[in-house]
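A short write-up of the structure that comes next.
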Amino acid sequence: MNASKNVPLTSNAVTVLEKRYLKKDDKGRLIETPDEMFHRVAENIAQADLPYGGPSKVKESAEIFYNLMSSLEFLPNSPTLMNAGRELQQLSACFVLPIEDSLESIFETVKNTAIIHQSGGGTGFSFSRLRPKNDPVLSTSGIASGPVSFMKVFNMATEVIKQGGARRGANMGILRVDHPDVIDFIKIKEDPREMVNFNLSVALTNDFMEAYQKNETYPLINPRAKKEVGRLLARKVFDQIVESAWKTGEPGIIFIDRMNQFNPTPSLGMFEATNPCGEQPLLPYESCNLGSMNLARMLSRSGGKETIDYEKLRRVLWNAVHFLDNVIDQNRHPLPEISAATLQTRKIGLGVMGFADLLTALSIPYHSEEALSLAREIMAYVRTEARGASAALAEARGVFPAYDISVYPAQGYRLRNATTTTIAPTGTLSVIAGCSSGIEPLYALSYHRRVLGGILLPELNPRFLEISKREGFYSERLLSQVAAVGSIQGLEGVPKEIRQVFVTAHDIAPEFHMKMQAAFQTYTDNAVSKTVNFPKEATLKEVEQVFLLAYETGCKGVTIYRDTSREEQVLACAQADYC
């Protein structure tokens, strides 16, 4: 490979890498630089090319992959950065494990969860197959304690295991809306001490949404007996979801039938759960490798203006698909069942980050029709090219093994990967890349980001700082004002056109957050991770409207967060009390 280059990392990026990603000796001392990390990962992932072109192809790909990452144009999910080329070699972030209605299955899954968390992955489960509380257990002449009680066992197991020795485990717990214990599930997090290692989502069915719209009741089904055991008014249940989400940010909702409508391999099974952030529906035992392209680095200057460099985006995209497909073959999966399921479908999830930064560079307000149109344009391009890259790999290396029983032969696609696109939240990845998270708006122009078990990283938007100095409205007083409130709306001395472009999460109407998610979902194979931010004073009615808008606009799910509705939050304005 060519000589190393200086990687354009911010001080916050270096902090995150040193804390969590770089190799350390047995005394905890760093023995790897960020540049060496990118070399390590690139050389390891390139090894998958050996059967298709020998050592020369491996060397060529290692150079391409190194440049891809060290330029911060693309980054794979955290376990790949942490583990590739090291003893663990577990490279996936997303897993879904099945839970059947028996004590043996439940505790086998607890064990498997521990193995996955220890290797750096996150897990999703549906608890919908478990019999409800007080249901008879014939083998012991006792009664069942129900899914909520067993979720607490998973939560406690997660509490005592560190992921890869570097972070707490992350879980998604899902329960179908027609499960008899659904109300208990919805209310779990109203006690802030409960289920701290879980995100929760209620799986809403088409039948439930139809009952909601008609103001009718719907049946509760005992999963053991497969019989109706009661009925609830759909709107009453929906109202309870809204109220709990308003209070705590949870549960979220997923539209489970809509997710299965886009299942590329329905003959292998149906989706019941997603990864911890909800953007990756997976079949039981499947894993998925995610990666994100930094849109803030897909710009070129022409005629004194910034424009999107689609040729560069295409080059990065094709190399990223090649990289993610290689990850599947280089991965040492934590369980044989996971290896078998993953290799059947070879799913990858390529997405984007830095979208808000791209908009500010193009002087496009996030809350504008122009921004929605650009979102659709970019993601349509990404999906078309990602499928093109996957088709080229299929031509050279073969289609995914389950291809013949997938939906693609009827559609005329021959693909290497059953899915190619996912929009992930890119929490720490966007810190490393020095860009805005996923497709989120700027959270604030000045704030603290809580990462790595409580470390607070100060963030000040560099583009705003640069423009304020260039346009002559910079002052220390202005920075103090921005630090106090996070936003520049209403601040004297900031030109109107700058205020319009540099909008933050709470400057944007919740409905527009939802429209942006829908714009990206239109052209995304899997799903979209996006938080709809609400101000502290938001009403229950406003939360309800966003949940309904998610359904009406074709989204696969939605998560909301009302500011300060939890004691601790990941992003907080720099002057907030808990900072």
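The values are calculated or read from the model by the stated rules, or taken from the named source; none is laboratory data. Note that the structure is a prediction, hence the values are computed from the model and not measured. Cβ sites come from the backbone with ideal geometry, for glycine too, and all protein chains shown count toward neighbours. Ligands, DNA and RNA are excluded from the accessible area calculation, which covers all protein heavy atoms including side chains. Shrake-Rupley method; radii C 1.70, N 1.55, O 1.52, S 1.80 Å.
What about Lys541, is it surrounded by fewer than 18 Cβ atoms within 10 Å (Cβ to Cβ), over 27 Å from Arg387 (Cα atoms), modelled with pLDDT under 95 and not aromatic (Phe, Trp, Tyr)? Considered against the rule, which asks whether it is surrounded by fewer than 18 Cβ atoms within 10 Å (Cβ to Cβ), over 27 Å from Arg387 (Cα atoms), modelled with pLDDT under 95 and not aromatic (Phe, Trp, Tyr), Lys541 comes out as no.
Counting only residues that are part of a loop (DSSP other than H, G, I, E, B) and within 12 Å of the chain's Cα centre (by Cα), which one in segment 415-433 is farthest from Phe262 (Cα to Cα)?
At the first step, the residues of segment 415-433 found to be part of a loop (DSSP other than H, G, I, E, B) are 415-420, 422, 424-426.
Add one more test, that the residue is within 12 Å of the chain's Cα centre (by Cα), and what stays is 422, 424-426.
Details: Thr422: 13, Ala424: 18, Pro425: 21, Thr426: 24 Å.
In this case the residue turns out to be Thr426.
Among the residues of segment 228-239 satisfying the criterion of being free of Cβ contacts under 8 Å to residues at least 60 places away in the same chain and open to solvent by less than 30 Å² (accessible area, probe 1.4 Å), which is nearest to Lys541 (Cα to Cα)? Looking at residues that are free of Cβ contacts under 8 Å to residues at least 60 places away in the same chain and open to solvent by less than 30 Å² (accessible area, probe 1.4 Å), I get Ala234. Selection of helices (runs of 4 or more DSSP H) fully inside segment 285-361 by the criterion of at least 3 residues being under 17 Å from Ala84 (Cβ atoms) returns 310-330.
Quick check on Thr158: is it within 23 Å of Ile186 (Cα to Cα), at pLDDT below 95, under 27 Å from the mean Cα position of the chain (by Cα) and not in a strand (DSSP E or B)?
Values: within 23 Å of Ile186 (Cα to Cα): yes; at pLDDT below 95: yes; under 27 Å from the mean Cα position of the chain (by Cα): yes; not in a strand (DSSP E or B): yes.
Yes: the conditions hold for Thr158.
Can you run down the residue pairs with Cβ atoms below 7 Å, 6 or more apart or on separate chains, where the first is in segment 467-489 and among the small types (Gly, Ala, Ser) and the partner is open to solvent by less than 80 Å² (accessible area, probe 1.4 Å) and assigned to a helix (DSSP H, G or I)? Between residues of segment 467-489 that are among the small types (Gly, Ala, Ser) and residues that are open to solvent by less than 80 Å² (accessible area, probe 1.4 Å) and assigned to a helix (DSSP H, G or I), the close pairs are Ser468/Leu478; Ser487/His506; Ser487/Asp507. Filtering segment 278-317 to residues that are in contact with an Asp or Glu (Cβ under 7 Å, 6 or more places away or on another chain) and either open to solvent by 10 Å² or more (accessible area, probe 1.4 Å) or of a type in the set (Ser, Thr, Tyr) (or both) leaves Tyr285, Ala296, Arg297, Leu299, Ser300, Arg314. Scanning segment 333-348 for residues that are crowded, with 17+ Cβ neighbours inside 10 Å and polar (S, T, N, Q), we see that the one that is farthest from Asn289 (Cα to Cα) is Gln344. Only helices (runs of 4 or more DSSP H) whose full extent lies in segment 17-111 are considered here, and the ones with at least 1 residues that are under 22 Å from Val352 (Cα atoms) and in contact with a Gly (Cβ under 7 Å, 6 or more places away or on another chain) are 34-46, 78-83. For segment 372-414, a residue qualifies if it is in contact (Cβ under 8 Å) with a residue 12 or more places away in the chain, in a loop (DSSP other than H, G, I, E, B) and open to solvent by 30 Å² or more (accessible area, probe 1.4 Å), and the qualifying residues are Val399, Pro401, Val407, Tyr413, Arg414.
Counting just the residues of segment 468-499 that are part of a loop (DSSP other than H, G, I, E, B) and farther than 23 Å from Leu362 by Cα, which one comes out most open to solvent (accessible area, probe 1.4 Å)? First the steps, then the outcome.
Within segment 468-499, the first condition is being part of a loop (DSSP other than H, G, I, E, B), and the residues that meet it are 471-475, 486-495.
Restricting the remaining residues to those that are farther than 23 Å from Leu362 by Cα gives 475, 492.
Details: Ser475: 43, Glu492: 169 Å².
This residue is Glu492.
Scanning segment 52-101 for residues that are at positive phi and in contact with a helix residue (DSSP H, G or I) (Cβ under 7 Å, 6 or more places away or on another chain) yields Leu72, Gly85, Gln89.
Restricting attention to segment 193-227, which residues are of a type outside the set (A, V, I, L, M) and within 25 Å of Glu279 (Cβ to Cβ)? Can you show your working first?
Of the residues in segment 193-227, the ones of a type outside the set (A, V, I, L, M) are 193-194, 197-199, 201, 205-208, 210, 212-219, 222-224, 226-227.
Correct list: Glu194, Asn197, Phe198, Asn199, Ser201, Thr205, Asn206, Asp207, Phe208, Tyr212.
Quick check on this structure: which one of Ala211, Ala225 is out of contact with any His (no Cβ under 8 Å at 6 or more places or on another chain), outside any strand (DSSP E or B) and either under 23 Å from Leu130 (Cα atoms) or open to solvent by 90 Å² or more (accessible area, probe 1.4 Å) (or both)? Step through it out loud before you land on a result.
Working: Ala211 fails: either under 23 Å from Leu130 (Cα atoms) or open to solvent by 90 Å² or more (accessible area, probe 1.4 Å) (or both).
From the options Ala211, Ala225, the qualifying one is Ala225.
Take the conditions (1) open to solvent by 10 Å² or more (accessible area, probe 1.4 Å); (2) farther than 30 Å from Glu18 by Cβ; Thr524 misses just one of them, which is (1).
Note on segment 26-38: among residues that are under 17 Å from Ala84 (Cα atoms) and among the acidic types (Asp, Glu), the one that is most open to solvent (accessible area, probe 1.4 Å) is Glu36.
For Glu100, are the conditions met, namely being in contact (Cβ under 8 Å) with a residue 12 or more places away in the chain and open to solvent by 40 Å² or more (accessible area, probe 1.4 Å)? In short, yes.
Evaluate segment 189-203: report whether one residue or more is open to solvent by less than 10 Å² (accessible area, probe 1.4 Å), within 29 Å of Tyr218 (Cβ to Cβ) and assigned to a loop (DSSP other than H, G, I, E, B). Before you say what the answer is, go through the steps one by one.
Looking only at segment 189-203, we keep the residues that are open to solvent by less than 10 Å² (accessible area, probe 1.4 Å), and these are 195, 198, 200-203.
Now narrow it down to the ones that are within 29 Å of Tyr218 (Cβ to Cβ): 195, 198, 200-203.
Right, trim to assigned to a loop (DSSP other than H, G, I, E, B) and you get 195.
The answer is yes, given that some residue of segment 189-203 is open to solvent by less than 10 Å² (accessible area, probe 1.4 Å), within 29 Å of Tyr218 (Cβ to Cβ) and assigned to a loop (DSSP other than H, G, I, E, B).
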